[in-house]
Amino acid sequence: MRFGYFDDSRLEYVITRPDTPLPWINYLGMDEYFGIISNTAGGYSFYQDARLRRLTRYRYNNAPLDEGGRYLYIRDNAEESPSYWSPTWQPVRQVLDAYECRHGLGYSTIHSEKNHINARITYFIPLHENLEIWKVEITNHRDQQASLSIFSAVEFCLWDALDDATNFQRNFNIAEVEVEGSVIYHKTEYRERRNHFAYFACSAPLDGFDTSRDAFLGAYRGWDAPLAVEKGHTSASIAHGWQPVGVHQVNLSLAPEESRTLIFLLGYHENDPQRKFESENSQVINKANVKPVIAHYLDEGNANHAFTELAEYWLSLLSLFQVETPDLHANRMINTWNAYQMMVTYNLSRSASYFESGIGRGMGFRDSTQDLLGFVHMVPEKARRRLLDLAATQLTDGGAYHQYQPITKQGNHDIGGNFNDDPLWLVLAVSAYLRETGDWSILDEAVPFDNRPGSETPLIDHLQRSMNYTLERTGPHGLPLIGRADWNDCLNLNSFSATPGQSFQTVTAKDGKVAESVFIAGQFILAAHEMEEIMTRLGRQAESQKYALARQQMEQVIDTAAWDGSWFRRAYNDFGNPVGSVENAEGQIFIEPQGICVMAGIGLEDNRARQALDAVAEKLACEHGIVLVSPAYQQYYLELGEISSYPPGYKENGSVFCHTNPWIMIAETRIGRGDRAFDYYLRINPSAREEKSEIHRCEPYVYAQTISGKEAAIPGEAKNSWLTGTAAWNYVAMTQWILGIRPHYDGLIIDPVFPSSWSGFKAVRHFRGSRYEIEVTRKGPGNQAYICVNGIDISGNLIPVPVEQANKIMVNVVIR
Ligand code: GLC
Ligand code: GLC
């Protein structure tokens, strides 16, 4: 069952009924001001940090779902029988005569009609501005005059979202607002150490307003039935403490077929601390700098112009890589939605989504480095800055904080470190950046450790410390020690936690000298390959050799200690026993080592790669994707940690943890099985799952972190959509390995391994300033590529970077 459809020509997903299985959300904002918005206008806004600078409130586990948002009420003032509804359905939830929500790139439009009153609301954030625009168009399709009142409504958050939801003894005393003309200013704590405030402005003269929630809603009433809307008039309330809100009232009298446009702005502004008040002795906000911004965007022409700029920006980003394959789902994801989702993960890391409250997490070290693998070609300058920020949080021993805070850029102590995979992702991310851009200067950038002034060394040293971090921490079998955990945050082999509620992420009961990770071994080999290449190009042959040697040794360790007979083992636990082995009663085979080891080239020559991937197909693959582990753990195991805390088939305990699936797709291409790689791709492709939306539940236009697996009580349910490394990795798997268009240090590699049924595909790829038009034609069932560049045959798969950038490089590829 579907709840909408893709409008591919407009790059929109159109939701045709408001009661989707979950709020289906979109993101607004690209720079510093962001919002999430659901298909019924739920969601919230924040400046930079979803916890510390939250503008509006949102309640995650409310009944009904999705409460708190960018709300509007339309009141029909007909004398006999006044009525009201929300043109976005929530919060009133009156049945609408027509409804549609179009989520587009950086904007959402909700369009509805009730009793012949048509409303179209477009929400977006102009590029480089700290404000959002709600453009509201109301049309009277009746054959009589319509007397309406429009009410807007937001509920302000007292900035720190965690404190706002918990510290009531203080919070009920501090709210302050100002109202001037049609603008409501929220200025809680502005009197003391905050120099920022929020504003909510309306383009029309007001017929009323409220800033006190109690006054607007009335006692014991909810957002679905505000007393002020029921009565038809607000009460000019001024909030002193309690719950501040922003409500405008505008009365409209519309002739038949007459339309009116109202613009609302919700924004954030920071003042110079020396000039924050109107005059020295007043506590009134100095509005001199914000008023011109407000006036500018309340103008409809300027708002429209900002909307056009936003659309052009997105088109220019997407145009950097476009494909035309025989598969609709692949095209639509690669060309639009997957690329879009990657930009959102770049912006927000794992902080704010429908599933992430914006309170708990900073920017993840391994999360952000992996996100970069996907988006680097779209915004290389931003990737560069992100890499330097991340590297600056690295510790002198090469270790990493697991997260850092976006506002301060400091490592976050609360969640700790010693996730032993973290440092190696830095190597893989920097090498992806070098392959894409050829900007070797980044390696010379002076980067501090733990942000300590004076500790700067060139970035290349940081990469070497990452490698040493692994080499200095190996266990009894010579495999890397796992530390607190590796990529799988829930495989906690040193936690031994028996205390309810204790965080598996921060507790360690063992000295960590025994439990080892095969995943990190594979990751190390991948990273060592890159270091060999990098050092060679830097003319540091001896060091390149050193990494080659270390890699070969690790490969041998995998051969002797990690091969289980039919697949790769996952780890060794604190007792030195294998995890992910046929010897285990449960958890016999894990997906991660099969993916990473084959990606690293292990077993390609001696058939083990094929054996391992056949085991994946047989034991882990199901119709909803490839599960993480099988059989899932049926009980809690002290020595395994959080993984066994989840019921079977959920999250790390045997769901389809989508992030890992593209590793298998890539591995399949490495043994030349394009049909199987693409089959796996489609199983988790959200567009391909659209028709079972009632089962999948999450948005059909973005990847989710997890889909409950074959052993779950209810298989096929997706959760944690949007902010997942799945976006980047699927993009990499599809574009670089299945389509085989892969940046290399010296040029662009074309090495596709795609389904045998495809007659070919086309792609346009911008790379190092040139535009490549690639046309691939299948003339045989294999994967051997014969490449012709601008009419000249080349040998091998690498197209060297041309001496001069070119507007058009024609690449014709024949596959046999
Ligand atoms: C979450 C984390 C990620 C981790 C994964 C597997 O997605 O953000 O860092 O690798 O879970 O546990
Ligand atoms: C939980 C989740 C895991 C996540 C971790 C850190 O353990 O299951 O996916 O990575 O929390 O937030």
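The values are calculated or read from the model by the stated rules, or taken from the named source; none is laboratory data. What you are looking at is a predicted structure, and each value in this text was computed from that prediction instead of being measured. Here the Cβ is made from the backbone with ideal geometry for all residues, glycine too, and neighbour counts use every protein chain on show. These accessible areas exclude ligands, DNA and RNA; they are computed on the full protein's heavy atoms, side chains included. Shrake-Rupley method; radii C 1.70, N 1.55, O 1.52, S 1.80 Å.
What does the highest-first list of 775-784, 142-151 look like by mean Cβ count within 10 Å?
142-151, 775-784
Can you give me the solvent accessible area of ILE520 with a 1.4 Å probe, rounded to the nearest 10 Å²?
0 Å²
Sort 796-807, 506-517 by the packing proxy (mean of other Cβ within 10 Å over each peptide's residues), most packed first. Could you put the intermediate results ahead of the total?
Values: 796-807: 13.1, 506-517: 18.7.
The most tightly packed comes first, giving 506-517, 796-807.
So for the pair PHE277, GLU605, with labels modelled 7 Å out along Cα→Cβ, what separation do we get in nm?
7.8 nm
Which value, in Å², gives the accessible area per residue of the chain when a 1.4 Å probe is used on the protein heavy atoms? Kindly include the intermediate steps, with their values, before the conclusion.
On the way: 28810 Å² over 816 residues.
Here the residues of the chain average 35 Å² of exposed surface.
Positive end of the dipole of the chain, charges at C-beta (+1 Lys, Arg; -1 Asp, Glu), about the Cα centre: which of PHE419, HIS128, THR166 has its Cα farthest in that direction?
It is PHE419.
Rounded to two decimals, what ratio of Rg to Rh does the stretch 449-569 give with C-alpha atoms and a Kirkwood Rh? Before the final figure, lay out the partial values.
Working: Rg = 16.8 Å, Rh = 16.1 Å.
Ratio of gyration radius to Kirkwood radius: 1.04.
Could you check how much of the accessible area of the stretch 410-554 is carbon and sulfur, as a whole percent, using a 1.4 Å probe? Before the final figure, lay out the partial values.
Numbers: 2500 of 5190 Å².
Carbon and sulfur together cover 48 percent of it.
Given a 1.4 Å probe and the protein chains all in place, what does the accessible area of TYR650 round to, in Å² to the nearest 10?
Accessible area of TYR650: about 50 Å².
What distance in nm separates the two pseudo spin-label positions at ARG816 and LYS762, each 7 Å out from Cα along the beta-carbon direction?
2.5 nm
Could you give the length gained on full extension between LYS510 and ARG2, defined as 0.36 nm per residue of separation minus the Cα-Cα distance, in nm?
Numbers: separation 508, 0.36 × 508 = 182.88 nm, distance 4.96 nm.
Here the segment from LYS510 to ARG2 would lengthen by 177.9 nm.
As a test of the definition: which semi-axes, in Å, follow for the stretch 293-406 when you take the square root of five times each eigenvalue of its alpha carbon gyration tensor? Largest first, please. Working shown, then result.
Details: eigenvalues 172, 98, 40 Å².
Square roots of five times the eigenvalues give 29, 22, 14 Å.
For the stretch 618-661, list residues with backbone N below 13 Å from a point placed 7 Å from the Cα of ALA713 toward its Cβ?
647-650
Rg(Cα) of the stretch 624-707 divided by 2.2 N^0.38 Å? Working shown, then result.
Working: Rg = 14.2 Å, N = 84, 2.2 N^0.38 = 11.8 Å.
Compactness ratio reported: 1.20.
Computed over the Cα atoms, what is the radius of gyration of the stretch 207-258 divided by 2.2 N^0.38 Å, N being its residue count? Write out the running numbers ahead of the final one.
Values: Rg = 12.6 Å, N = 52, 2.2 N^0.38 = 9.9 Å.
Rounded to two decimals, the normalised Rg is 1.27.
Which three extents, in angstrom, do the Cα atoms of the stretch 335-474 have along their principal axes, listed largest first?
Rounded to whole Å, the extents work out to 40, 37, 31 Å.
Efficiency by 1/(1 + (r/R0)^6): what FRET value for LEU328 and GLN784, r their Cβ-Cβ distance, R0 = 35 Å, to the nearest 0.05? Can you show the working numbers first?
Numbers: r = 27 Å, r/R0 = 0.79.
Computed FRET efficiency for LEU328 and GLN784: 0.80.
Report the far tail of the P(r) of the stretch 374-413, meaning the percent of Cα-Cα pairs longer than 14 Å.
50 percent
What is the P(r) of the stretch 237-299, as percent of Cα-Cα pairs per 5 Å bin from 0?
That works out to 3, 11, 16, 16, 20, 16, 7, 5, 3, 2, 0, in percent per bin.
Give the residue from ALA215, HIS305, ILE558 lying farthest towards the positive end of the charge dipole for the chain; charges sit on Cβ (+1 for Lys and Arg, -1 for Asp and Glu) and the dipole is referred to the Cα centre.
So the residue we want is ILE558.
Would you calculate the volume per residue, in Å³, of the smallest convex hull containing every Cα atom of the stretch 79-232? List each step's numbers first, then the result.
On the way: hull volume 24.1 nm³, N = 154.
About 156 Å³ per residue, rounded to a whole number.
Among LEU390, PRO476, ASN62, which residue has its Cα furthest toward the positive end of the charge dipole of the chain, with +1 on Lys/Arg Cβ and -1 on Asp/Glu Cβ?
PRO476
Where the only charges are on Cβ atoms (+1 Lys, Arg; -1 Asp, Glu), what is the dipole of the stretch 192-319 about its Cα centre, to the nearest 20 debye?
Values: 10 positive and 16 negative charges, 90 e Å.
Magnitude of the dipole: close to 440 debye.
Using a 1.4 Å probe on the protein chains only, how many percent of the accessible area of the stretch 671-711 belongs to carbon and sulfur? Before the final figure, lay out the partial values.
Values: 470 of 1130 Å².
On the stretch 671-711, the fraction of accessible area on carbon and sulfur atoms equals 42 percent.
Would you calculate, for the chain, the mean residue ellipticity at 222 nm contributed by helices, counting each DSSP H stretch of 4 or more residues as -39,500 (n - 2.57) and dividing by all residues, to the nearest 500? Before the final figure, lay out each step's value.
Working: 20 runs with 207 residues, N = 816.
Rounded to the nearest 500, it is -7500 deg cm²/dmol.
Report, to the nearest whole %, how much of the accessible area of the stretch 169-208 belongs to carbon and sulfur atoms, 1.4 Å probe, protein only. Don't skip to the end; give the middle numbers.
Values: 680 of 1600 Å².
Heavy-atom surface of the stretch 169-208 belonging to carbon and sulfur, 1.4 Å probe: 43 percent.
If you take all C-alpha pairs in the stretch 222-370, what percent of them are over 26 Å apart? Kindly include the intermediate steps, with their values, before the conclusion.
Numbers: 6727 of 11026 pairs.
Within the stretch 222-370, distances greater than 26 Å cover 61 percent of Cα pairs.
Not counting ligands, DNA or RNA, and with a 1.4 Å probe, what is ARG673's accessible surface area in Å² rounded to the nearest 10?
Result for ARG673: roughly 40 Å² accessible.
Under a plain spin-label model, where a point goes 7 Å from the Cα along Cα-to-Cβ, how far apart in nm are HIS296 and ASN77?
3.5 nm
Could you give log10 I(q)/I(0) at q = 0.15, 0.16, 0.27 Å⁻¹ for the stretch 407-458, computed by the Debye formula over C-alpha point scatterers of equal weight, without solvent?
Normalising to I(0) and taking log10 leaves -0.58, -0.66, -1.14.
Long-range amide H contacts for LEU55: which residues qualify at under 5 Å (H placed 1.01 Å from N, peptide plane, sequence gap of 5 or more or a different chain)?
SER45, PHE46, TYR47
So for the stretch 137-216, considering every pair of alpha-carbon atoms, how many percent are separated by more than 18 Å?
Numbers: 1695 of 3160 pairs.
Percent of Cα pairs beyond 18 Å in the stretch 137-216: 54.
List the residues of the stretch 475-516 whose backbone N lies under 11 Å from a point placed 7 Å from the Cα of TYR60 along the Cα-to-Cβ direction.
none
With equal scatterers on the alpha carbons only and no solvent term, can you work out the Debye log10 of I(q)/I(0) for the stretch 670-725 at 0.13, 0.25 1/Å?
Evaluating at q = 0.13, 0.25 Å⁻¹ gives log10 I(q)/I(0) of -0.35, -0.98.
Mind listing the phi-derived Karplus ³J(HN,Hα) values for the stretch 768-780, rounded to whole Hz, using 6.51, -1.76 and 1.60 with θ = phi - 60°, and x for any glycine or proline?
In residue order, the calculated couplings are 6, x, 10, 10, 9, 9, 10, 10, 10, 10, 8, 10, x Hz.
Express in nm, to one decimal, how much length is gained between ALA806 and GLN144 on full extension, taking 0.36 nm for each residue of separation and deducting their alpha carbon distance. Intermediate results must be reported in sequence, preceding the final value.
On the way: separation 662, 0.36 × 662 = 238.32 nm, distance 6.17 nm.
Gain on extension, ALA806 to GLN144, equals 232.1 nm.
Can you give the charge dipole size of the chain about its Cα centre, rounded to the nearest 20 debye, using +1 on the beta carbon of Lys and Arg and -1 on the beta carbon of Asp and Glu?
Details: 73 positive and 100 negative charges, 106 e Å.
Using only the charged Cβ atoms, the result is roughly 520 debye.
Using a Förster radius of 22 Å, what is the FRET efficiency between ALA219 and TRP242 based on their Cβ-Cβ separation? Nearest 0.05, please.
Numbers: r = 12 Å, r/R0 = 0.56.
After rounding, the FRET efficiency stands at 0.95.
Return the ratio Rg/(2.2 N^0.38 Å) for the stretch 709-816, where Rg is computed over Cα atoms only.
Working: Rg = 17.3 Å, N = 108, 2.2 N^0.38 = 13.0 Å.
Its radius of gyration relative to the 2.2 N^0.38 Å reference: 1.32.
Using the Kirkwood radius built from alpha carbon pairs, what does the Stokes-Einstein equation give as D for the stretch 183-281 at 37 °C and 0.692 mPa s, in µm² per second?
213 µm²/s
Rg to Rh for the chain: what is it, with Cα atoms only and Rh by Kirkwood? Show your work: numbers first, answer last.
Details: Rg = 27.9 Å, Rh = 28.2 Å.
Result for the chain is an Rg/Rh of 0.99.
Can you compute 3J(HN,Hα) from phi for each residue in the stretch 32-37, using the Karplus curve 6.51 cos²θ - 1.76 cosθ + 1.60 with θ = phi - 60°, rounded to whole Hz and x for Gly and Pro?
10, 9, 9, x, 10, 9
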